[in-house]
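Data block below; observations after.
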Amino acid sequence: MRTPLIAGNWKLFKTISEATAFVTALKPLVAEVQGVEVVISPVFTALSSVAAAAAGSRIRVAAQDCYWEEEGAFTGEVAPGLLKDAGCSHVIIGHSERRQYFGETDETANRKTRAALATGLTVLLCVGETLVQREAGDTFTVIESQITGGLQSLVAEELKQVVIAYEPVWAIGTGKTASDEQAQQVHAFIRQLVAKLYSQADADQILILYGGSVKPENVKGLMSQPDIDGALVGGASLKADSFAAIVRFNS
Ligand code: PGA
């Protein structure tokens, strides 16, 4: 009932020409895949070229962040409406790198989420504990406060346009994936939390992606877990063949 979503997060990689060449290479590799949504997120400067290159294919485009105001004297910021204008359907919000290096908090992630939803973008809201938090036994408390904070004041109708990405910080870019069971445990917790905050029906429909060193070799095991609905992929999304292999996890 939930259509799996595989999203690539390119972070600060790829020029416009590299990004559009990737789309040209990816299109035929994923054209036949059934029942999987495919999203890629280039840097801001490549968004409109990538969206143009992906037009008419199943590939959707996400930005990696946004601001919460639509316009004004906010030097350096990019508004959700401008992302739509550039051809985005999705936006990643609250990525742990934004939290770690750029002062993102649950409150700013929530403001961005509300603004993006108001514009009609689908939000990929990222949460995840650090190694210190996991080792201190705080994983569920951290996840609960990030989710509660990130979804603050959203109504059930808005939640339909939200995808949650669970990305344990200790697994991002480290080559250390959470085990299938570790990931499933947190995903199940998140789904129960959504049921508590909204309803069981809302919890049943929300997509919860796993992120953190997802590769062609480990995606199948992760995707076989009942509460893992897709993946947010960093490093392994930078090459069209490895990203396509992840999209084709079922074949
Ligand atoms: P990784 O990154 O796949 O390179 O670990 C995931 C992410 O940061 O979204």
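The values are calculated or read from the model by the stated rules, or taken from the named source; none is laboratory data. As the structure is a computational prediction, the values presented were derived from the model and not from experiment. Backbone-built Cβ (ideal geometry, glycine too); neighbour counts: all protein chains shown. SASA here: full protein model, heavy atoms, side chains in, ligands and nucleic acids out. Shrake-Rupley method; radii C 1.70, N 1.55, O 1.52, S 1.80 Å.
Within the range 214-236, can one find any residue that is touching a residue at least 24 places away in the same chain (Cβ under 8 Å), within 30 Å of Glu107 (Cα to Cα) and among the hydroxyl-bearing types (Ser, Thr, Tyr)?
No, that holds for no residue.
Does Gln184 fit the bill of being in a helix (DSSP H, G or I), farther than 19 Å from Val91 by Cα, open to solvent by 60 Å² or more (accessible area, probe 1.4 Å) and not hydrophobic (A, V, I, L, M, F, W, C)?
no
When the residues of the range 231-247 are filtered to those that are in a loop (DSSP other than H, G, I, E, B) and of a type outside the set (D, E, K, R), which remaining residue is farthest from the ligand (Cβ to nearest atom)?
Leu238
If I filter the range 184-199 for residues that are within 16 Å of the ligand (Cβ to nearest atom) and either β-branched (Val, Ile, Thr) or in contact with a strand residue (DSSP E or B) (Cβ under 8 Å, 6 or more places away or on another chain) (or both), do I get at least one hit?
Checking the range 184-199: at least one residue is within 16 Å of the ligand (Cβ to nearest atom) and either β-branched (Val, Ile, Thr) or in contact with a strand residue (DSSP E or B) (Cβ under 8 Å, 6 or more places away or on another chain) (or both).
Scan the range 163-181 for residues that are under 13 Å from the mean Cα position of the chain (by Cα) and either more than 11 Å from the ligand (Cβ to nearest atom) or part of a strand (DSSP E or B) (or both) and jot them down.
Hits for the range 163-181 are Val163, Ile164, Ala165, Tyr166.
Give me a count of the residues in the range 28-81 that are touching a residue at least 12 places away in the same chain (Cβ under 8 Å) and assigned to a helix (DSSP H, G or I).
So the count comes out to 15.
Within the set of pairs 6+ apart or on separate chains, which have a first residue in the range 164-179 that is under 21 Å from Ile93 (Cα atoms) and touching a residue at least 40 places away in the same chain (Cβ under 8 Å), a second that is within 7 Å of the ligand (Cβ to nearest atom) and open to solvent by 30 Å² or more (accessible area, probe 1.4 Å), and C-beta atoms under 8 Å apart?
Taking only residues 6 or more apart or on different chains, the pairs are Ile172/Glu97; Gly173/Gly235.
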